[in-house]
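A quick write-up on the structure given underneath.
The values are calculated or read from the model by the stated rules, or taken from the named source; none is laboratory data. In this text, all values refer to a predicted model and were calculated from it rather than measured experimentally.
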Amino acid sequence: MADINDQDLHDSTLLDAWVRRVTLGDPMPWDPLGPPWDELPQRPGIPPDRAARSHLDTVLALRRDRIATARECLPIVLNEEWEHRYAEHDLTALGAA
């Protein structure tokens with residue numbers, strides 16, 4: 001069974017992938033504490049050790065940092081979607097094809 005340390009590190013890795021890599025364009029956003037997903041082949045810049053552990057305070061600080069970054073990005077992404085209505089444009093283009 002995963003402990004809170006595992007879950008917080010997993011969540012931080014997800015935020016690294018979706019917010020820092022996809023939204024902010026950081027090509028190597030992963031923190032050394034964040035575990036890679038099971039199917040990931042070894043790649044430079046991605047922490048290789050799924051069994052790595054750190055002090056809970058360190059893990060929670062990492063998680064707070066990732067949540068803060070996500071909170072800063074989310075309003076920008078939602079505003080862009082709302083203002084420019086990308087989904088509607090894409091659906092219209094797909095419907096015309």
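Before moving on, here are some points about what is shown:
Listed here are the residues, each with its yes/no results for (1) modelled with pLDDT of 80 or more; (2) in a helix (DSSP H, G or I).
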site: ASP8; (1), (2): no, yes
site: ASP26; (1), (2): yes, no
site: PRO29; (1), (2): yes, no
site: PRO32; (1), (2): no, no
site: GLY45; (1), (2): no, no
site: ALA51; (1), (2): no, no
site: LEU60; (1), (2): yes, yes
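- Single condition ARG85 does not satisfy, out of (1) modelled with pLDDT of 85 or more; (2) more than 14 Å from the chain's Cα centre (by Cα): (1)
- Hits in the stretch 10-22 (condition: modelled with pLDDT of 85 or more and either of a type in the set (Ser, Thr, Tyr) or not in a helix (DSSP H, G or I) (or both)): none
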